[in-house]
1. When you look at residue 257, is it under 25 Å from residue 108 (Cα atoms) and modelled with pLDDT of 90 or more, yes or no?
2. Look at the range 215-230 and say how many of its residues are outside any helix (DSSP H, G or I) and surrounded by fewer than 18 Cβ atoms within 10 Å (Cβ to Cβ).
3. What is the one condition in (1) at pLDDT 90 or above; (2) in a helix (DSSP H, G or I); (3) within 24 Å of residue 277 (Cβ to Cβ) that residue 146 does not satisfy?
4. Take residue 106 and tell me if it is within 20 Å of residue 256 (Cα to Cα), outside any strand (DSSP E or B) and at pLDDT 90 or above.
């Protein structure tokens, strides 16, 4: 009985295993042999803004020195250089190079695709998109990992980066994040670099970058590696950290289901829409700034008005005081007026009485001495 149950259990497990293999074979992407020979897997496409360190990372994955010059195909790619004043990077072509991982012959070959940076002038942006789309769709065809390189200093969301991410979504579709891994460039592995970064940690940087991909499926599952091109390779700790981060990137690509590039599009119309959106946002930002200016003036006026409303007691008191002084002065004036009038009358009355008496006396005297008139 137990033997029978055991056999049934084995049969069930075998059946489930076969079903699992069948499902995996249906879900997996079969890369054609010819394409697989031309572009060994895993295939890592380097994306990102101009001047973010894409070519440096591409060379590092293949174990090349920083001063590498591309004589493989003569194209303008895989060469490290400073961005110009207009923000354009040195890479202007799409190149797919293969080689041993970290240039170690005991490691398998990989394919690294270097691309021009986005975020340039409109005419160059359109040309870049066309080159990237055609190279990936028509030549590479399958991609294991999109390594989006973002400078370590990009620790806050900006319109430029947000527009670049939206552009990737328009080109590759909303499901491309399953094959995306972020790369923090110019990170640094020494203690001095740690002090320079301050409170920015690997975890906090990744959390901040995820905000660029919000509302896109898979944003919460994004992973990141941390890279710098120049470091002390004699320092065992720094060298170990570098190898660990590059290995993590390779393993991510190895474990990711290949992304078929057959459906990617040249989203030139999307660029125009995004640029219009940028202009609208810029206008809204200008209006918002103007609103803040007027709001500040209004608040200042309101504050001053509130201060004036707090002064009525003082103002009324002053007015009452002035009225009191005026009434006092008027009363004093009347009193003084009456006083002076009385004084004037008192001073003038004796003269009047004297004059009257003198007049009477004169009359009397004139009457005594006057002779009777002749009859």
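1. yes
2. Of the residues in the range 215-230, 6 are outside any helix (DSSP H, G or I) and surrounded by fewer than 18 Cβ atoms within 10 Å (Cβ to Cβ).
3. (2)
4. Taking the combined requirement at face value, the residue does not satisfy it.
Rundown of residues vs (1) modelled with pLDDT of 85 or more; (2) within 22 Å of residue 146 (Cβ to Cβ); (3) crowded, with 16+ Cβ neighbours inside 10 Å, yes/no style:
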{"residue": "9", "(1), (2), (3)": "no, no, no"}
{"residue": "20", "(1), (2), (3)": "no, no, no"}
{"residue": "39", "(1), (2), (3)": "yes, yes, yes"}
{"residue": "48", "(1), (2), (3)": "yes, yes, yes"}
{"residue": "65", "(1), (2), (3)": "yes, no, no"}
{"residue": "77", "(1), (2), (3)": "yes, yes, yes"}
{"residue": "83", "(1), (2), (3)": "no, yes, no"}
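The values are calculated or read from the model by the stated rules, or taken from the named source; none is laboratory data. Remember, it's a predicted structure, so these values are computed and weren't measured experimentally. Neighbour counts are summed over all protein chains in view; Cβ atoms, including those assigned to glycine, are modelled from backbone coordinates with ideal geometry.
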